[in-house]
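One structure below.
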Amino acid sequence: MLPKNNQGSVLVRVIIVLVVLAGAAVAFFLSTQRTARVKAASRDTAVDAVTGSVMISADGGYRDLPSEAAGKVVECNIKQGSSFKKGDVLVKLDTTDLQRGKDEAKRKYDSDKERAKFILDNNPEKKVAEEKLANLERLRKLGNVSDDDVNAAERTLAAIKSKLGLAALDDKKGDEDYKVLIDGYDLLLKKMEVRAPFDGAIESVLTWEGALITTGTPVARVYSHSRIVAAKIGEESFGRVKVGQSARLRLLTYGNQNYEATVSELLPTADEAQRFTVNLEVKVDPKLLPELLKPGSSGEVTITVAQRPGAVMIQRRGLFDANKVFVVKDGRVQKREVEVGFVALNIVEIRKGIEVGDQVIVDRLEEFRDGQRVRAEVEN
């Protein structure tokens, strides 16, 4: 029989061995248990959205700006890439000959007017007739001439005045002809300036100072500062899009930067690929719009067609087979069939089958099965 001290020593060693074996068993169990990355279901606004590709163009596209007159370019205020305001003079032609003709027409008109006025005011025939009539009226009062003599003098003066009146009508017609002539000169002078038809910018310069151009010659290729932001929407989604719906625009030029927009117009016809066009109004400072939305830029748009606040939402990557998820509860995997609502890019609405706080597996779904024991690792 062993002494008591030896018995105690053996008992301690047995206990230590059992503890080690138990720890090893626990370690082995834990090492064979899979870790499941989970994300808790939460409440958020469920959004039903339609996506499409976007292309930006200048309103009216690029267009050639022609000269309405022929002549020599004496002023050229155009530079590639430069902006202009509606009405700015971009190109001016030599107006020397036209201005000289206009000045000469005015000089002749003024001269003819002065001569006509002098003749009218100082007509000798009229003066003689007026003096004769006045003398006959005086003599009639004295009884020295008859009424017939006075009446004859009155008729003579009236005939002279009628003749002068016809001359005045001719003079009035001359005024009208002069106005038409000057208006013609002013119109030609106006055409000698090529003015900006809208607020825009120069895409390319097609003339220079000193160039001799003909009527209709393009002087520059221009585009408007007004923009058309057109989204292409698939036929299956177009029916859900309405004017006034909010949208989010992302342009490839600016990476992940998003811009708020609104659906402003729906075009009724589809293109060759059966895609319909939706025009968007982008919510940016109008002063920044021409520079921000460059013609030819492309991107993508997400149009919100419906939304439900306070919905149960999970990560879209936790959904498989269209309507199934894995949930970790009490350390075991539960396979659940769910009713799916609105589906967005990264999240999905669950109408039935999931409650807020349920831990949904969101990674390596193919590695799990219903009833499997796992350790849950919560994803932030």
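Which condition number does LEU266 fail, the rest of (1) surrounded by 12 or more Cβ atoms within 10 Å (Cβ to Cβ); (2) under 21 Å from the mean Cα position of the chain (by Cα); (3) part of a loop (DSSP other than H, G, I, E, B) being met?
(3)
Conditions first: (1) in contact with a Gly (Cβ under 9 Å, 6 or more places away or on another chain); (2) closer than 30 Å to TYR109 by Cα; (3) not aliphatic (A, V, I, L, M). LYS191 passes all but one, so which condition is the exception?
(1)
Just the residues that are outside any loop (DSSP other than H, G, I, E, B) and touching a His at 6+ places or on another chain (Cβ under 9 Å), please, taken from region 187-243.
Answer for region 187-243, where residues must be outside any loop (DSSP other than H, G, I, E, B) and touching a His at 6+ places or on another chain (Cβ under 9 Å): GLY200, ALA201.
Looking at ASN279, ASN256, which one is polar (S, T, N, Q) and either touching a helix residue (DSSP H, G or I) at 6+ places or on another chain (Cβ under 6 Å) or part of a loop (DSSP other than H, G, I, E, B) (or both)?
Every option except ASN256 fails the conditions.
Condition check ((1) over 29 Å from SER264 (Cα atoms); (2) in the same structural domain as ARG37 (by TED's automatic domain parsing); (3) touching a Cys at 6+ places or on another chain (Cβ under 8 Å)) across all residues:
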{"position": "LEU288", "(1), (2), (3)": "no, no, no"}
{"position": "PRO295", "(1), (2), (3)": "no, no, no"}
{"position": "GLY299", "(1), (2), (3)": "no, no, no"}
{"position": "GLY331", "(1), (2), (3)": "yes, yes, no"}
{"position": "ALA344", "(1), (2), (3)": "no, yes, no"}
{"position": "ASP363", "(1), (2), (3)": "yes, yes, no"}
{"position": "GLU367", "(1), (2), (3)": "yes, yes, no"}
{"position": "GLY371", "(1), (2), (3)": "yes, yes, no"}
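Starting from region 171-184, keep only residues that are on the phi < 0 side of the Ramachandran plot, then list their pairs with residues that are in a helix (DSSP H, G or I) and exposed (fewer than 11 other Cβ atoms within 10 Å of the Cβ) whose Cβ atoms are within a distance under 7 Å, requiring at least 6 positions of separation or different chains.
Once the first residue is on the phi < 0 side of the Ramachandran plot and sits in region 171-184, no partner that is in a helix (DSSP H, G or I) and exposed (fewer than 11 other Cβ atoms within 10 Å of the Cβ) comes close enough.
When you check PRO290 against the structure, is it part of a helix (DSSP H, G or I), under 18 Å from the mean Cα position of the chain (by Cα) and not β-branched (Val, Ile, Thr), yes or no?
yes
Filter region 139-150 for residues that are exposed (fewer than 12 other Cβ atoms within 10 Å of the Cβ) and either in a helix (DSSP H, G or I) or under 60 Å from the mean Cα position of the chain (by Cα) (or both) and give the result.
LYS141, LEU142, ASP147, ASP148
Name the residues in region 111-134 that are in a helix (DSSP H, G or I) and surrounded by 13 or more Cβ atoms within 10 Å (Cβ to Cβ), would you?
Answer for region 111-134, where residues must be in a helix (DSSP H, G or I) and surrounded by 13 or more Cβ atoms within 10 Å (Cβ to Cβ): ASP112, LYS113, ALA116, ILE119, LEU120, GLU125, LYS126, VAL128, ALA129, GLU130, LYS132, LEU133.
When you scan region 347-380, how many residues do you find that are on the phi > 0 side of the Ramachandran plot and in contact (Cβ under 8 Å) with a residue 60 or more places away in the chain?
Total satisfying the criteria: 2.
In the list GLY318, GLY353, GLY310, which residue meets the criterion of being more than 16 Å from ILE233 (Cβ to Cβ), among the small types (Gly, Ala, Ser) and touching a helix residue (DSSP H, G or I) at 6+ places or on another chain (Cβ under 9 Å)?
The match here is GLY318.
For ALA230, are the conditions met, namely being under 14 Å from ALA58 (Cα atoms), within 25 Å of the chain's Cα centre (by Cα) and among the small types (Gly, Ala, Ser)?
Criteria met by ALA230.
Please pick out the residue among ALA41, ALA58 that is within 30 Å of GLY318 (Cα to Cα) and either in contact (Cβ under 8 Å) with a residue 24 or more places away in the chain or assigned by TED's automatic domain parsing to the domain that holds ARG336 (or both).
ALA41 is the lone residue from the list that is within 30 Å of GLY318 (Cα to Cα) and either in contact (Cβ under 8 Å) with a residue 24 or more places away in the chain or assigned by TED's automatic domain parsing to the domain that holds ARG336 (or both).
Which residue out of LYS108, LYS85 is under 30 Å from LEU288 (Cα atoms) and exposed (fewer than 14 other Cβ atoms within 10 Å of the Cβ)?
The conditions single out LYS85.
The values are calculated or read from the model by the stated rules, or taken from the named source; none is laboratory data. In this text, all values refer to a predicted model and were calculated from it rather than measured experimentally. All Cβ positions, glycine included, derive from the backbone under ideal geometry; neighbour counts span all protein chains shown.
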